[in-house]
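Structure record follows, encoded as C-alpha cells.
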Amino acid sequence: MGLRNMSSVVLSNNVKVIGPKGAPTLMLAHGFGCDQNMWRFMLPTLEKHYQVVLFDYVGSGKSLLTKFSKEKYSALEGYAQDIQDIINELKFTDVTIIGHSVSSTIASIASIAMPNIIKKIIMVCPSPCFLNCPPDYKGGFERNDLEELIGLMDKNYIGWANYLAPLVMGTSQSQELIGELSGSFCSTDPVVAKSFANATFFSDYRHILQDIKCPVLILQSSSDALANVSVGEYMASRIPQSQMVVIKAEGHCLHMTDYDYILPIALKFIEPS
Amino acid sequence: MSSEVKPDLNHFLSGHLVVNKDRKIIFCNDYIHELINQSDNKVIDTPISKYITKASNIFLDSYIYPLLLTDSTAQEIQITWLNSNGEKIPVIVNIKLDKDGLSYWSVYICINRDKLQNEWLSANKKLEKQSQELFNLATTDPLTGLLNRREFQEQTKKLISQTDRSASTFALLSIDVDFFKHVNDTHGHQVGDKVLIHLAKLFNKNRRANDLVSRFGGEEFILVLPDITNEDAYQLAEKLRLNVERNPIDNIQITLSIGLVVTKKAKKVNLEQLLKTSDKALYMSKATGRNKTSVAELE
C-alpha cells in the first residue's frame, strides 16, 4: 500500500529526487504560474551538496491534472498539503524548503503543520498578502488591480493556456536575459492558473507569520513590482527566528536572475559553518 | 488619381506606436494622443508602462514581452489603457518586435467587446455556480448532507473498479438504527430527524479523507472504507456503535446494528454482492439481539 501511494504522489506532483543519497534534504517549491523548471539555474550547485527534491504543484508543469480539485486548490492550504504529502510519502525527516514568492507562504503553512520535520525555510521574494491593508501594511496592490489581473487572464485565455513566463522579471533586465529566461515557458493549465492566481493574490496569511517556529531566511529584491522591500521587513519583524537580506536586483525572480549572488547566502544559512 | 493619395497614419481609426528597447514611446499617431488625452510632446519619450494599468504592466512583463522575445509577435491581446485623467480603457494590441529591439504596436479600443466578454464571463460564472448547486442537490441527502444512495452507488462502483487494479482491499459497513420507528412514533419525526443528523455528524467526524459516508435510505447508513484491514474495519464499527450506545441523543438511548464485509485481495466483487453480504451480516446483528457488529464473508 505504501509503495502504491508513494508512486501516486511521485506521479501526481512529478516529484524528482536528485543529488547524493543521505545528504540533507532540500525541497524546492516553485511559485505561481511556473514549475520546477524555474530552479534550473541553482540546481547544478545545490545537487552537489544536497538531496534535492523537485516537484510541481498539482495543476502546474507536468503534474497530474486529473488530481486537480477546484475546492482543494482554492486556498494555499491545498498546495501546502502537496508538500506534506510528498514529505510523508517519501518519509523525509529533516527538510529545508526554498520557496519562491507564494511558495514561501505555502512552505510556512506546511512547516506549522509539521514543525518537527520542516526545519528551515528560505523565502525568495515572499509576500504573505499582496493587497494593501491600511494603515500599516502595503502589499502593493489594490483589490481592483488584482481583479483586473485575473480578468486579463480570463480575457486572454488562450495565451495563458500555452505559456506563462516567470512572473515579473523586471523591466530593466536585458532583453537577452529575459529571452533566455522565457526560452522555456512554464506550462500552466488555464483553469488551474486562475485558481492558483486567486489563491495567491487574494489571500492574507499575515496572521500565521508569528507561528512559524523554524529559522527563516528572507531574500528580498530591492526593486520588485510584486513584493516590495517593506513587505520583507514586515515579515522579518513578525517571524520569530528570521533574518532578511535585501539583494540589489531588479525583478521578482532572484533565483533566476541573481542565482550566483543568492546561492552562497542560502548555503551559509542552511549549514552555518 | 491614386498616386495623389498619401497614406497618413493619422487617418486610421487605430493607434500606432513605436516603442524602443527601454520601453519608451518614440513614435505615435493621433489616435494614441486621443487615447491618452495628451499632446505629442508629452507622449514621446515616456515609458509605455505609464499608459497602461498596473495589472497590464504585470501582464506585459510576464506574458507579452516573453512572447515577443520568443515569437517576435504577440497578437490579439487585451490589456487596459490608462489615459491622463486616470480613466481605464480596454484595448486590443498587436505587437511586432524587430531585431533591433523596436516594437511596433497596433492598438484598438475594445469597449464593446469587453462588455460582451464581461457578460459572457459572468454568465459562465453563474452557470458554474448553478451546476455545482444542481450537482450537490443530485448527489447529497438533504437532511444529513451525506452522499445519497445514487451517488454512493456511483462512487462505490468507481472504487471497486480501481481496487480491481490495485490489489488492495476495502470494507463496507451497513449501519441501521435499532427500533427507529419507535423513536419516530414516541418522540415525533422531528426528533427522529435530529437523531439521523447527529449520527451523520458522528460518522463524518470519524471518516478518513477517502472514506465514503452515505445515507442509504430511511435509517440505514453505509460507509465504505478503502485500504483497510478486517481488524481495523471491525474496530471502527465497534467504536461507532459504542459511542452511540454510551451517548444518548436528546436524552434518547439509541443503539446501532452493524453488518461488516471486507473485500479480499485480488478477488473481483460487484456492488450487488457486497450489499447482499453486508445486509446478511446486518441481519445477523438484528437477529441476535441488535446493538452489535457482525461480519459476513464474501462468497
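The mean count of C-beta atoms from other chains within 10 Å of the C-beta of residues in A:145-154, rounded to a whole number, is 6. Taking every Cα-Cα distance in region B:140-295 and sorting them into 5 Å bins from zero, the calculated P(r) comes out as 2, 9, 20, 23, 21, 14, 7, 3, 1, 0 percent. Packing around the peptides B:65-72, B:50-57, A:28-35, taken as the average count of other Cβ atoms within 10 Å per residue, puts them in this order, highest first: A:28-35, B:50-57, B:65-72. What chain B shows is 55 Å² of accessible area per residue, with the surface traced by a 1.4 Å probe over protein heavy atoms. Can you pull out the buried accessible area for chains A and B, both sides counted, probe 1.4 Å, rounded to the nearest 100 Å²? When A and B are taken together, about 2700 Å² of accessible area is lost.
Each stretch of four or more DSSP H residues adds -39500 (n - 2.57); spread over every residue of chain B, this sum gives -14000 deg cm²/dmol at 222 nm.
Sorted largest first, the spans of the alpha carbon positions of region B:49-163 along the three principal axes are 66, 37, 20 Å. At full extension, B:Glu34 and B:His11 could sit 7.0 nm farther apart than now, given 0.36 nm per residue minus the alpha carbon distance.
Scaling against 2.2 N^0.38 Å puts the C-alpha radius of gyration of chain B at 1.78. Computed packing ranks the peptides B:147-156, B:99-108, B:115-124 as B:147-156, B:99-108, B:115-124, most packed first, by mean other Cβ atoms within 10 Å. The Rg/Rh ratio for region B:2-114 is 0.96, where Rg is the radius of gyration of the alpha carbons and Rh is the Kirkwood radius. Simple point charges give the picture: +1 on the Cβ of Lys and Arg, -1 on the Cβ of Asp and Glu, and for region A:2-270 a dipole about the Cα centre of about 800 debye.
On the basis of the beta-carbon distance and an R0 of 35 Å, A:Asp260 and A:Lys91 show a calculated FRET efficiency of 0.55.
The residue list A:Ser111, B:Ala74, B:Leu199 was ranked by how far each Cα lies along the charge dipole of the protein assembly as shown toward its positive end, using unit charges on Cβ atoms, and B:Leu199 comes out on top. Size of region A:2-270 from its Cα atoms: along the principal axes, largest to smallest, the extents are 46, 39, 39 Å. Were the residues from B:Thr186 through B:Asp100 laid out at 0.36 nm apart, the gain over their Cα-Cα distance would be 22.1 nm. Stretching B:Thr139 away from B:Thr73 to a fully extended chain increases their span by 18.9 nm, per 0.36 nm per residue minus the current alpha-carbon distance. For region A:1-76, what is the Kirkwood hydrodynamic radius in Å, using each pair of distinct C-alpha atoms? It is 13.3 Å.
Evaluated at q = 0.07, 0.09, 0.11, 0.13 Å⁻¹, a Debye calculation over the C-alpha positions of the protein assembly as shown (equal weights, vacuum) places log10 I(q)/I(0) at -0.56, -0.83, -1.06, -1.25. The residue list A:Gln220, A:Asn14, A:His255 was ranked by how far each Cα lies along the charge dipole of region A:2-270 toward its positive end, using unit charges on Cβ atoms, and A:Asn14 comes out on top. Per residue, the convex hull spanned by the Cα atoms of region A:210-250 measures out at 55 cubic angstrom.
Taken about its Cα centre, region B:109-192 carries a charge dipole of about 420 debye when Lys and Arg each add +1 at the Cβ and Asp and Glu each add -1 at the Cβ.
R0 = 45 Å: FRET efficiency of A:Thr45 with A:Asp204, Cβ-based, nearest 0.05? Taking R0 as 45 Å, the efficiency between A:Thr45 and A:Asp204 is 0.85. On the protein assembly as shown, 52 percent of the accessible area sits on carbon and sulfur atoms, based on a 1.4 Å probe.
Model label sites at B:Phe179 and B:Lys194, defined 7 Å from Cα along the beta-carbon direction, differ in position by 1.8 nm. Placing R0 at 35 angstrom, the Cβ-Cβ distance between B:Lys264 and A:Glu71 gives a FRET efficiency of 0.55 after rounding to 0.05.
The values are calculated or read from the model by the stated rules, or taken from the named source; none is laboratory data. None of these values were measured; they are calculated from a predicted model. For neighbour counting, all protein chains shown are included, and Cβ atoms are generated from backbone atoms with ideal geometry for every residue, glycine included. SASA here: full protein model, heavy atoms, side chains in, ligands and nucleic acids out. Shrake-Rupley method; radii C 1.70, N 1.55, O 1.52, S 1.80 Å.
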